[in-house]
Amino acid sequence: MILLFLGASGSGKDTQARNLVKDYGFLNIGSGEMLRLFIKKNNSLGRLVKKYVNCGNLVPDKMFWEVVSAYIKKSSKRSNVVYQGFVRKVSQIEILDTILRKEGRTIDKVVYFDLSVGEAIKRLSKRRICPRCNEIYDLEDKKPEKPGICDNDGVRLIQREDDKPDAIRRRMKFYTSNIEQILAIYKERGILVKVDASRNIFEVYDELKNKIGYND
Ligand code: AMP
């Protein structure tokens, strides 16, 4: 099953994708994550990409696809994949379709994690991540055992540069001006499902499994 997750940053897409990885062996690939991995290479394209990502701007199309299409190709052997974040404006729908089509695949379901922008902003400002294993923490709802330290590998947690207030505002502006049009297109295709992302992690996961037909 090929899934595309849509929703504001902070709506829990990655947390839920990790649940599907753990329980059903899905491969989870997020566009932001791929870009951050690429940035770590510290080559000239990576340094350019970093400028866009750190201040919360969308990476221009040509540069974005140059980086991520290699990662998408690598996923083509897997039968269950969650792609998240790859579609943030209407033009990217067609581009993603084309890349997947070349690999002989199509999106089975698009899952929209429905959360108000106000709540997403609140969550992002409390988010901390492990720079090594990318585990995500929340300063109130998912605290690490030792304050500021990752439970998995003991590395000091950081706040992403683009989780700081100015960058958050910019990211949300792009999100709100594009999401309705994107949803309308997938709805028209009959592959859109919605989950209420305002509830707790377990409830959201239950609803997600129901909506994609993985209720055990
Ligand atoms: P995320 O980790 O999903 O919040 O994404 C982090 C950042 O990566 C975004 O704020 C953008 O700068 C960049 N990015 C992720 N996905 C895309 C995309 N589909 N198009 C352009 N830029 C993207």
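The values are calculated or read from the model by the stated rules, or taken from the named source; none is laboratory data. Just so you know, these numbers come straight off a predicted model, no measurement behind them. A quick note on method: Cβ atoms are made from the backbone with ideal geometry, for glycine too, and the neighbour counts reach across all protein chains shown. What goes into the accessible areas is simple: the full protein's heavy atoms, side chains included, and nothing from ligands, DNA or RNA. Shrake-Rupley method; radii C 1.70, N 1.55, O 1.52, S 1.80 Å.
List residues of the range 13-41, by number, whose backbone nitrogen lies under 14 Å from a label position 7 Å along Cα→C-beta of Ile136. Within reach of a label on Ile136: 13-21, 28-34. Which one, Pro60, Phe174, Ala120, projects farthest toward the positive side of the charge dipole computed for the chain from Cβ point charges (K/R +1, D/E -1)? It is Pro60.
Mean residue ellipticity, 222 nm, helices only, the chain: the sum of -39500 (n - 2.57) across DSSP H runs of n ≥ 4, divided by residue count and rounded to 500, is -15500 deg cm²/dmol. Calculated accessible area for the range 118-216 comes out at 62 Å² per residue, all protein chains present (probe 1.4 Å; ligands, DNA, RNA ignored).
Normalised by the number of residues in the chain, the mean separation of alpha-carbon contacts (under 8 Å, six or more apart) gives a relative contact order of 29 percent.
In the frame of its principal axes, the range 70-119 has Cα extents of 38, 23, 19 Å, reported largest first.
Counting only Cα atoms, the range 115-205 measures 47, 31, 22 Å along its principal axes, largest extent leading. Within the accessible surface of the range 9-57, defined with a 1.4 Å probe on protein heavy atoms only, the carbon and sulfur portion equals 56 percent. Among beta bridges identified by DSSP and lying wholly in the chain, the antiparallel ones come to about 25 percent.
Computed about its Cα centre, the charge dipole of the range 81-216 is approximately 460 debye, with only Lys, Arg, Asp and Glu carrying charge at their Cβ.
Could you pull out the pairs from Lys50/Lys164; Lys51/Lys89; Lys22/Lys73; Lys73/Lys126; Lys77/Lys109; Lys40/Lys164 whose alpha carbons sit more than 26 Å apart here?
Where the Cα-Cα span goes over 26 Å, the pairs concerned are Lys73/Lys126.
When exposed loop sites are taken as GluC sites (Glu not before Pro) in a DSSP loop with at most 10 other Cβ atoms within 10 Å, the longest stretch of the chain clear of them is 1-139. The residue among Ile99, Gly25, Gly85 whose Cα reaches farthest toward the positive pole of the charge dipole of the chain, with charges on the beta-carbon of Lys, Arg, Asp and Glu, is Ile99.
Taking the chain as a Gaussian network, where each spring joins two C-alpha atoms under 10 Å apart, which residue of Arg47, Arg127, Arg169 fluctuates the most? Of Arg47, Arg127, Arg169, the Gaussian network model singles out Arg47 as fluctuating most. Kindly identify the chain as rounded, prolate or oblate by the Cα gyration tensor criterion: order the square roots of the eigenvalues as a ≥ b ≥ c, call it rounded if a/c is under 1.5, otherwise compare a/b with b/c, prolate if a/b is larger, else oblate. It comes out rounded by the Cα gyration axes. Here the range 147-216 is assigned +1 on the Cβ of each Lys and Arg and -1 on the Cβ of each Asp and Glu. Its dipole about the Cα centre then comes out at about 360 debye. For the chain, modelled as a GNM whose springs connect Cα atoms under 10 angstrom apart, the maximal fluctuation among Gly46, Gly85, Gly118 occurs at Gly118. Placing unit charges on the Cβ atoms only, positive for Lys and Arg and negative for Asp and Glu, gives the range 1-139 a dipole magnitude near 540 debye about its Cα centre. What percentage of the solvent-accessible surface of the range 105-212, computed with a 1.4 Å probe over protein heavy atoms, is contributed by carbon and sulfur atoms? Carbon plus sulfur share of accessible area: 49 percent.
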